[in-house]
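The values are calculated or read from the model by the stated rules, or taken from the named source; none is laboratory data. What you see is a predicted model, and the numbers here were worked out from it, not measured in a lab. As a convention, Cβ positions derive from the backbone with ideal geometry for all residues, glycine included, and neighbour counts pool all protein chains shown. Accessible surface areas use protein heavy atoms only, side chains included; no ligands, DNA or RNA. Shrake-Rupley method; radii C 1.70, N 1.55, O 1.52, S 1.80 Å.
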Amino acid sequence: MTNAAVEFIAAELREINQRDKPLPLDEWPWAEDYYFEDRRPGSPFHGWGRLDRYEAIKASSELFRLGSGRPHRTLLEVIAVRGETYVAYIELVDAGTDYVFKHINCVAFDNEIRLVRRVVRFDVDDRDAAIALLDEWDAEIDD
């Protein structure tokens, strides 16, 4: 199961895994109206609501300060795709030492598959909610 969004994410993860520091602020492939939301109960970001582009970049950059300082991210499984612009996948993040976790990312891209518009994160056992969110996003196009 693949689409243009999956291909973009796979390429981005390969690039991220080669880096030893976060991208400069202006090089993140996130739209100006980007938002991140974490729906995992017990996660450090749960209950924070939606983080805008700049708040999310700051939080993501912190991974480089944890553990080994060189996080490794792996796309483990694609759960669902909708069209070319939406994907839900399981990601493994290994920040080094004992800081390892898995989650589901639901990602929405712009129509050109150049910029990420939204990321919503779920626990790995919350597949139904992740798929329902993709369906909701996909239905917005038809409205």
Next item on the list: Considering only segment 32-80, state which residues are in contact with a Leu (Cβ under 8 Å, 6 or more places away or on another chain) and assigned to a loop (DSSP other than H, G, I, E, B).
Entry: Phe45, Pro71
Next item on the list: Please indicate, with yes or no, whether at least one residue in segment 74-81 is within 14 Å of Val93 (Cβ to Cβ), among the hydroxyl-bearing types (Ser, Thr, Tyr) and open to solvent by less than 40 Å² (accessible area, probe 1.4 Å).
Entry: no
Checklist line | When residues of segment 2-18 are limited to those that are touching a residue at least 12 places away in the same chain (Cβ under 8 Å) and outside any helix (DSSP H, G or I), the one surrounded by the most Cβ atoms within 10 Å (Cβ to Cβ) | finding: Asn3
Notebook entry, point to check: Which one of Pro41, Pro24, Pro29 is farther than 18 Å from Ala129 by Cβ and open to solvent by 40 Å² or more (accessible area, probe 1.4 Å)?
Noted result: Pro24
Next item on the list: Kindly check whether there is at least one residue in segment 82-97 that is out of contact with any helix residue (DSSP H, G or I) (no Cβ under 9 Å at 6 or more places or on another chain), within 20 Å of Ala129 (Cβ to Cβ), in a strand (DSSP E or B) and of a type in the set (D, E, K, R).
Entry: no
Next item on the list: Can you run down the residue pairs with Cβ atoms below 9 Å, 6 or more apart or on separate chains, where the first is in segment 20-31 and part of a helix (DSSP H, G or I) and the partner is of a type in the set (Phe, Trp, Tyr) and open to solvent by 30 Å² or more (accessible area, probe 1.4 Å)?
Entry: Leu25/Tyr54
Next item on the list: Find all pairs meeting these conditions: Cβ atoms under 7 angstrom apart; at least six residues apart or on different chains; first residue within segment 43-54 and at pLDDT 75 or above; second residue exposed (fewer than 13 other Cβ atoms within 10 Å of the Cβ).
Entry: Arg53/Glu32
Check: Of all residues in segment 106-143, which are in a loop (DSSP other than H, G, I, E, B), open to solvent by less than 70 Å² (accessible area, probe 1.4 Å), in contact with a Ser or Thr (Cβ under 9 Å, 6 or more places away or on another chain) and farther than 20 Å from Leu51 by Cα?
Finding: Ile113
